[in-house]
There are 2 protein chains.
Amino acid sequence: MTTTQATNDLLKLSEIVGTNHVLTAASDVESYATDWRGNYRGTPLAVVRPANTVEVAAVVKYCNAHRIAIVPQAGNTGLVGGSVPDQSGQQIVLSVARLNQVHSVDLHNNTITVGAGVILQTLQEKASEQDRLFPVSLAAEGSCQVGGIIATNAGGVQVLKYGNTREQVLGVEAVLPNGDVFEGLRGLRKDNTGYDLKHLLVGSEGTLGIITAATLKLWAKPRSQQTLLLALPTLPAAVEALQIVRDACGDRVTAFEVFSRWCLELAIELVANIADPMQSPSPWYALIELSDSTDEAALAALAEQAFGALFERGLVTDGVIAQNQTQAAALWNIREHIPEAEKLYGKAVKHDISVPISAIPQFVDEAEAALAAQFPAARVVNFGHLGDGNLHFNVAGKSREDCAAVFAQAKSVNAVVYDLVSKHQGSISAEHGLGQLKRETITHYKSSVEIAAMRAIKAALDPNGIMNPGKVI
Amino acid sequence: MTTTQATNDLLKLSEIVGTNHVLTAASDVESYATDWRGNYRGTPLAVVRPANTVEVAAVVKYCNAHRIAIVPQAGNTGLVGGSVPDQSGQQIVLSVARLNQVHSVDLHNNTITVGAGVILQTLQEKASEQDRLFPVSLAAEGSCQVGGIIATNAGGVQVLKYGNTREQVLGVEAVLPNGDVFEGLRGLRKDNTGYDLKHLLVGSEGTLGIITAATLKLWAKPRSQQTLLLALPTLPAAVEALQIVRDACGDRVTAFEVFSRWCLELAIELVANIADPMQSPSPWYALIELSDSTDEAALAALAEQAFGALFERGLVTDGVIAQNQTQAAALWNIREHIPEAEKLYGKAVKHDISVPISAIPQFVDEAEAALAAQFPAARVVNFGHLGDGNLHFNVAGKSREDCAAVFAQAKSVNAVVYDLVSKHQGSISAEHGLGQLKRETITHYKSSVEIAAMRAIKAALDPNGIMNPGKVI
């Protein structure tokens, strides 16, 4: 691209969105050009901030006609470099942040329609104001945006009960790579009229189009909750316990998280205000949340019962049931600060993996053994969403000093873990997506048939390859 | 196609699946060539019945190379002509009926993996034997097969709580139009590694590939159920009641069906062993089912409470709570025999539509008024799944004699109903799909952008157009 051409492009884009919303100064584009973890730093031609869907469509039409690559961006909190530009200086970042209107709430239909730039926490609050729940909840909820959680099919801690973001999306409005607007803001539970384009866009990480708005499901707000922290002797005991708790409590199980003793120790040692909630140490812990639409007493009785049943069977050796919201928050506080503790300890090799729940114990045994054999200085920070088969099976050093050496072998560590994930029919990216980080890696673990089908779809919908090139596929 | 070529094709297909499994005699192919409702009668070149996925793939590869059109077929119980061949004598029906193995059950993962030819009722029974629930339930469950319910994203009476068939599918194995096998039998709740091909195949009605097996979610089996039949003064009262019951009972609401007084009268008059369950007539009825994983007493109390709350607000004028399973079955019996009663009454113009739940009353008012104005002899048989916004808004005659005259104007009646569905952002096919029946109609109600995207995907994955041509798109 010549400078003259670039100048002309910026002029045209400014005509669409206004000069104030085409950012080019290094200090202005900095935050848009760097990913959350600071692993990717790009150089955009410009950051373009349209005010509405019509402007998004006009920008895309212009870029498609002139073969300008677009990197769609919402809250930019992704963990795989999916929402930042490359270093060519030729890609524009298209921020949907200004599409931040809550369009409508339909209480009888239990739906809310919002722009792609609405922050997740705002969405949760709007739902709550209407005595409803929007159940997607994750660490970045204070800054991630609706367009991003849909484009990456974000997970979180309540997937067990409510599903991923995908399951919350009844309809989307999106600008396709040719600039056409797909007007799919339908609030229907049943619609069998052809290929489900919405499901194709969800999780496509901005490579098939730009989501501009969505109609999302709302749920009945829980009226009562019980939070339990249980001490377990083994990981198989946790899998067994999950089953028993679900049998006893049904859909009331809204979270079932696990973490190893070492995770707790790291949190106690490195994070303020975290203490061991039990008298003696235990190899594993499960954090369980039960929710119901009826009174507290019945649920409390159910929690006691479940705890008793697990204790009797020897699946649980100790436990705490939170007696009020403060105690519940303290238990969640432990789980939520494990990533921070890990970060303070040292740089770890991250894995966001899933396997069938039944395969978790064997996968963990095999992976621990293989890592011990090949990387004697390595130690696993093992925690995650057992109820969804999703572990953040991160690999740090045995001591803080060992971390750097282990991290230097990240690629080899990845290979050991991913090979075993693959053996157990798992996923190398359970909830974070592929982005740039795993774009090449996935080609080793997904069949050529699947990759070919994905490429065919990409080529069909984005023949000029302008939409988030270099990501996913 | 010349006769010699056809003979040669049949020979080659026989080499793949065995001579006994290439049917050509008119009496042998009859049931495969005619749809459930008897509206479509095709003439296949042959019915081919492969024994396994390898054979399916070989058949498809041969057909793709020789441009032979394939009509995938499972239980052949669809209502839109999607699984029967045309009359050219050049299409083969590929039946997956012999892929009827239950491959595995994974209790800790709560999944079951089955072949596409497994009958839905068999699947339900296998789940039940393991103390689990497979929740998809519909009239044809005794003969419809897994491949069919996935390919059409079947609905039914429990979608409100458990979702459509789509929501039950964790993984599929499918043969793509080029004969490649997509090996996607994953049992994962979280997997964000690229475009979701599974969701593209679900609901594509055999036009993008042939589903050969699936890994499906299992649910906790309900331990207690309550069934209520309520009399309501108006349809808006039913919408209001749905909200109140969901607020009070949360996810325990597993069904919320409605039907008009006339539906009940038709059932009483024309179906054996159905009596009016209440003392005085009511314009509307709601059949509600609550399910829970805990004891009967608590749920019974909740049902009483909900009924009381509705009665107090004047939303409900009378009601029956089933005191045992026999009574519950009798209440369900009314709802389930409405289609039969309608059929015995006369031929009706069928509509399987959905609109946002909040829009149902207005849609029904407008549609009734428009029909009354244009078709004075018409009367609506109005029943359906209110909890999903899905009505079977069928149009019969005011008297039995009027039915034929109304049916003769079916296309015009459709147009009146579908235009209003469209006005309310609804779907002209909520759970039955497009097939042949609505293939042309949908082009009037879906945007050209969506149709173009669907065509691009179809062309990308099936460039030779061999997979179920003439259906959906």
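The values are calculated or read from the model by the stated rules, or taken from the named source; none is laboratory data. This one's a predicted model, so the numbers in the text were calculated from it and none came from an experiment. We place every Cβ from the backbone using ideal geometry, glycine too, and count neighbours over all the protein chains shown. Protein only, heavy atoms only, side chains kept; ligands, DNA and RNA dropped before computing areas. Shrake-Rupley method; radii C 1.70, N 1.55, O 1.52, S 1.80 Å.
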Quiz item: Can you give the net charge of the other residues whose Cβ lies under 15 Å from the Cβ of B:R261, counting K and R as +1 and D and E as -1?
Solution: -4
Exercise. Shortest first and in nm with one decimal, please list how far the B:K398 label point sits from its counterparts in the other copies (point 7 Å along Cα→Cβ).
Key: 9.0
Quiz item: To one decimal in nm, how far is A:M278 from the same spot in the other copies, if labels go 7 Å from Cα toward Cβ? Please give the shortest first.
Solution: 5.4
Quiz prompt | Residues in region B:179-199 that, when all protein chains are in place, have 40 Å² or more less accessible area than the chain alone would give (probe 1.4 Å) | solution = B:R186, B:L188, B:R189, B:K190, B:N192, B:T193, B:G194, B:Y195, B:D196, B:L197, B:H199
Quiz item: Along the charge dipole of the protein assembly as shown, which of B:A415, A:N76, A:I16 sits closest to the positive end, that is, farthest toward it, with unit charges on the beta carbon of Lys, Arg, Asp and Glu (+1, +1, -1, -1)?
Solution: A:I16
Exercise. Note the buried accessible area between A and B here, summed over both chains, with a 1.4 Å probe, in Å² to the nearest 100.
Key: 6800 Å²
Self-check item: Electrostatic dipole magnitude of chain A [Cβ: Lys, Arg +1; Asp, Glu -1; Cα centre; debye, to 20]
Solution: 1080 debye
Quiz item: Under a 1.4 Å probe, what is the accessible area of region B:101-227 per residue, stated in Å²?
Solution: 26 Å²
Quiz prompt | Segment A:A139-A:A300, length gained on full extension (0.36 nm per residue, minus Cα span) | solution = 55.2 nm
Quiz prompt | Positive-end residue, region B:172-280 charge dipole about Cα centroid, Cβ charges, pick of B:T193, B:F182, B:N273 | solution = B:T193
Quiz item: Put simply, what bits of region B:445-464 lose 20 Å² or more of accessible area when the other protein chains are there, versus the chain on its own (1.4 Å probe)?
Solution: B:K446, B:V449, B:E450, B:A453, B:M454, B:A456, B:I457, B:A460, B:L461
Exercise. Would you be so kind as to list the residues of region B:278-313 that have their accessible area lowered by at least 50 Å² in the full protein complex compared with their chain by itself (1.4 Å probe)?
Key: B:S293
Quiz item: Which of the lysines could be linked to A:K343 by a straight reach, that is with a Cα gap under 18 Å, when you skip same-chain ones fewer than 8 residues away?
Solution: A:K398
Quiz prompt | Accessible surface of region A:282-360, 1.4 Å probe, proportion on carbon and sulfur as whole % | solution = 55 percent
Quiz item: Accessible area per residue, 1.4 Å probe, Å², for region A:9-88: what's the number?
Solution: 43 Å²
Practice problem: Work out how much length A:Q323 to A:A372 would gain on full extension: take 0.36 nm times their residue separation and subtract the Cα-Cα distance, in nm to one decimal. | Solution: 13.6 nm
Quiz item: What are the distances, in nm and sorted shortest first, from the label point of B:Q130 to the label points of the same position in each other copy, with each label point placed 7 Å from Cα along the Cα-to-Cβ direction?
Solution: 3.8
Exercise. Quote the accessible area belonging to A:T326 in square angstrom, nearest 10, computed with a 1.4 Å probe and with ligands, DNA and RNA left uncounted.
Key: 110 Å²
Quiz item: For the pair A:S224 and B:A405, what calculated FRET efficiency results from E = 1/(1 + (r/R0)^6), where r is the Cβ-Cβ distance and R0 = 41 Å, to the nearest 0.05?
Solution: 0.10
Quiz prompt | Shielding of A:240-253 by partner chains, average beta-carbon count, 10 Å | solution = 4
Quiz item: With Cβ to Cβ distances under 11 Å as the rule, what net charge do the other residues near A:L138 carry (K, R +1; D, E -1)?
Solution: -3
Quiz item: Of the heavy-atom accessible surface of region A:25-66 (probe 1.4 angstrom), what whole percent is carbon and sulfur?
Solution: 54 percent
Quiz item: Hey, which lysines would be in cross-link range of A:K446, C-alpha to C-alpha under 24 Å, not counting anything within fewer than 8 residues on its own chain?
Solution: A:K198, A:K350, A:K411, A:K423, A:K438, A:K458, A:K471, B:K61, B:K190, B:K198, B:K217, B:K458
Quiz item: Which three lengths, in whole Å and largest first, does region A:140-220 cover when its Cα atoms are put on their principal axes?
Solution: 36, 29, 16
Exercise. Whole number in Å², please: accessible area per residue of region B:418-473, 1.4 Å probe, ligands, DNA and RNA not counted.
Key: 36 Å²
Quiz prompt | Cβ-placed point charges (K, R +1; D, E -1), dipole of the protein assembly as shown about Cα centre in debye, nearest 20 | solution = 2140 debye
Quiz item: In vacuo Debye scattering of region A:333-473, one point per C-alpha: log10 I(q)/I(0) at q = 0.09, 0.22 Å⁻¹?
Solution: -0.31, -1.36
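How much FRET efficiency would the formula 1/(1 + (r/R0)^6) give for B:V102 and A:E15, where r is the Cβ-Cβ distance and R0 is 56 Å, rounded to 0.05?
Step by step, r from the Cβ atoms, then E = 0.35.
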